[in-house]
Amino acid sequence: MATPRVDDWSWFLALALGVSFLKCILINTYHSTDFEVHRNWLAIAHSFPVSKWYHENTSEWTLDYPPLFAWFEYGLSHVAQHFDKEMLVVQNLNYTSPATVLFQRLSVIVTDMVFIYAVKECCRSVREEKGSKDLLGHPFFILAALLLWNFGLLIVDHIHFQYNGFLFGILLLSVARHLQGRHLEGALLFAVLLNLKHIYLYIAPAYGIFLLRSYCFTEDNTDGSVRWSSFSPLRLVALGSIVISVCALSFGPFIAMGQLPQVLSRLFPFKRGLCHAYWAPNVWALYNMVDKALSVLGVRLKLLDVAKLPKASMTGGLVQEFQHSILPSVSPSITLICTLLSIMPAVLSIWHRPRGARGFLRCLVVCALGSFMFGWHVHEKAIIMAILPFSILAVESREDAGIFLMLTTTGHYSLFPLLFTAAELPIKVLLMLLFTLYSFTSLKKLFRGSILNPLETTYLLGLVAVEILCEVVYPLSPWQHTLPFVPLLVTSVYCSLGVSYSFIRLYVSLLRQDGTDKHKQL
């Protein structure tokens, strides 16, 4: 059989159909409470007038996404009624009929068409090295496989249950449009995305500064600095009109009804606490671990009275406000300041030395990862927001490929606790191994040699030991019943080290590029 030609995109169709078939196989697997969350939102959007959407609270899973996503659920509900009308009854809490499961799973698979199209557009935008004729070794083939078959996206959307593929499709399509120089389209897509899910506010600084610097200012000085006289008010008005129009379409009806404060209170519920029930592998997981270690040490040395210490709620899997025992407690304002400080150098970098759309893409990844490292009540799933766009840079640079392998392997393993049932254990292990092995072998082949140093390789191999400890050794120990949270703690803290290391390496590469640019000017 003849090998497909490089310019023959039939291979892309094969990859897309293959992963879609796998998603169909996963329809009857475990699903999380997010399944009920979205069923309830379907019912709310279908059963109540718009004025009641952000007030309805029959279920604890109240509507807390921006209005465009509510309209998205409203549209889905009109299809859902042909599967099982009972799923659209708000009072039918935790309703999971076979038809309901089928519809919700299929709705994720079908809306993933946006993601598939976006991946193809990203592949068209990848820089290619001349001379390579092996399809399997081409950067755009590797990128397509890394995105379409992304392990994290597969288990979060098609087992755990969410609509991230649809949302990330809009994000990647926006990125692709900027790489193609179609900046107004990219801005429009991101404005729509923000009004579908507000977590993307974390990467808004990258978009805002990039578009202001590289679109509204049309020329640079010879040293790369901004030429102030090249500012185009017309372009700024065009951008502003796009953003204002989308936001008016989304929030306008609620502003007219005087419900904007109610909507915002749903979108930003700061009483949920610093960390999620399972600590995302970030700085605050390490901070919490240090606090726990100090409190235990203080009690052992009889320096602290255990009766006066706060309840150990953060190791009990609860989602609520929490007071640290020894270290100062962290407020939402502190996390906001830390997040802004963490992304500031990257944002300033694309202002002073834009380096085109790829400089913007690197800044976007830094913003996504910075918000993950320092944000308030971060979900472990948010690591995917950095991994997916970073895949584009990983197939173009050896250094980025090394950081990508560290980040994606550690970040993906940190998602394992999301699937805690025994039936899904072999599925997540197999899918993780297949994706990780492909990532390593394909990028090693692309860049013709080893990408990680021995220390990095040793750390990643340590994940195997962590998995054996958490899934085999610890369940057989007597501590399983008295300290059930230990496996989650070990996973979170160990993965925090790898994600933190990747963030530091990414920043070092960014600052090194800035230093190189300045050296060239001298």
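The values are calculated or read from the model by the stated rules, or taken from the named source; none is laboratory data. No experiment lies behind these values; they were computed from the predicted model shown. Please note: Cβ atoms are built from the backbone with ideal geometry, for glycine as well, and neighbour counts cover all protein chains shown. Each accessible area value is taken on the protein alone, full model and side chains, heavy atoms only, with ligands, DNA and RNA left out. Shrake-Rupley method; radii C 1.70, N 1.55, O 1.52, S 1.80 Å.
Counting the residues of the stretch 126-154 that are over 30 Å from residue 105 (Cβ atoms) and modelled with pLDDT of 80 or more gives 6. Kindly provide the set of residues from the stretch 176-187 that are open to solvent by less than 50 Å² (accessible area, probe 1.4 Å) and either free of Cβ contacts under 8 Å to residues at least 12 places away in the same chain or touching a Pro at 6+ places or on another chain (Cβ under 6 Å) (or both), ordered by number. None - no residue of the stretch 176-187 is open to solvent by less than 50 Å² (accessible area, probe 1.4 Å) and either free of Cβ contacts under 8 Å to residues at least 12 places away in the same chain or touching a Pro at 6+ places or on another chain (Cβ under 6 Å) (or both), so the list stays empty. One residue alone among 246, 192 is open to solvent by less than 20 Å² (accessible area, probe 1.4 Å) and in contact (Cβ under 8 Å) with a residue 12 or more places away in the chain, and that residue is 246.
Let me confirm something: among 141, 168, 161, which residue is surrounded by 22 or more Cβ atoms within 10 Å (Cβ to Cβ) and at positive phi?
Result of the check over 141, 168, 161: 161.
Within the stretch 27-45, can you find the residues that are aliphatic (A, V, I, L, M) and either open to solvent by less than 10 Å² (accessible area, probe 1.4 Å) or under 28 Å from residue 138 (Cβ atoms) (or both)? Hits for the stretch 27-45 are 42, 43, 44, 45. Within the stretch 344-373, the residues that satisfy the criterion of being farther than 18 Å from residue 178 by Cβ, of a type in the set (A, V, I, L, M) and crowded, with 16+ Cβ neighbours inside 10 Å are 369, 373. Checking the stretch 337-352 against the condition returns no match, with no residue being outside any helix (DSSP H, G or I), in contact (Cβ under 8 Å) with a residue 24 or more places away in the chain and not small (Gly, Ala, Ser).
Any residue at all in the stretch 85-95 that is within 24 Å of residue 427 (Cβ to Cβ) and modelled with pLDDT under 95? There is at least one residue in the stretch 85-95 that is within 24 Å of residue 427 (Cβ to Cβ) and modelled with pLDDT under 95.
Among the residues of the stretch 46-76, write down those that are more than 26 Å from the chain's Cα centre (by Cα), free of Cβ contacts under 8 Å to residues at least 40 places away in the same chain and not in a loop (DSSP other than H, G, I, E, B). Matches in the stretch 46-76: 52 only. Test residue 11 against the stated conditions and say whether it is under 25 Å from residue 157 (Cα atoms), aromatic (Phe, Trp, Tyr) and part of a helix (DSSP H, G or I). So residue 11 passes the test. Number of residues in the stretch 264-285 that are at pLDDT 90 or above, open to solvent by 50 Å² or more (accessible area, probe 1.4 Å) and touching a helix residue (DSSP H, G or I) at 6+ places or on another chain (Cβ under 6 Å) equals 0. The number of residues in the stretch 93-108 that are of a type outside the set (Ser, Thr, Tyr) and surrounded by fewer than 18 Cβ atoms within 10 Å (Cβ to Cβ) comes to 6.
The condition of being at pLDDT 95 or above, touching a helix residue (DSSP H, G or I) at 6+ places or on another chain (Cβ under 7 Å), open to solvent by 20 Å² or more (accessible area, probe 1.4 Å) and more than 24 Å from residue 427 (Cα to Cα) holds for residue 114. Among residues belonging to the stretch 212-231 that are under 34 Å from the mean Cα position of the chain (by Cα), outside any helix (DSSP H, G or I) and not aromatic (Phe, Trp, Tyr), point out the one that is surrounded by the most Cβ atoms within 10 Å (Cβ to Cβ). Result: 226. Under the condition of being out of contact with any Phe, Trp or Tyr (no Cβ under 6 Å at 6 or more places or on another chain) and small (Gly, Ala, Ser), which residue from the stretch 388-400 is surrounded by the most Cβ atoms within 10 Å (Cβ to Cβ)? Out of the qualifying residues, it is 391.
Across the stretch 414-430, what is the number of residues that are of a type in the set (Val, Ile, Thr) and more than 22 Å from the chain's Cα centre (by Cα)?
Step one: of the stretch 414-430, the residues of a type in the set (Val, Ile, Thr) are 421, 427, 429.
Going one step further and asking which of them are more than 22 Å from the chain's Cα centre (by Cα), we end up with 421.
Of the residues in the stretch 414-430, 1 are of a type in the set (Val, Ile, Thr) and more than 22 Å from the chain's Cα centre (by Cα).
Against the numbered list (1) under 27 Å from residue 465 (Cα atoms); (2) modelled with pLDDT of 95 or more, residue 417 comes up short only at (2). Check whether at least one residue in the stretch 118-130 is assigned to a helix (DSSP H, G or I), touching a residue at least 12 places away in the same chain (Cβ under 8 Å) and closer than 30 Å to residue 36 by Cα, and report yes or no. Yes: the stretch 118-130 contains one or more residues that are assigned to a helix (DSSP H, G or I), touching a residue at least 12 places away in the same chain (Cβ under 8 Å) and closer than 30 Å to residue 36 by Cα.
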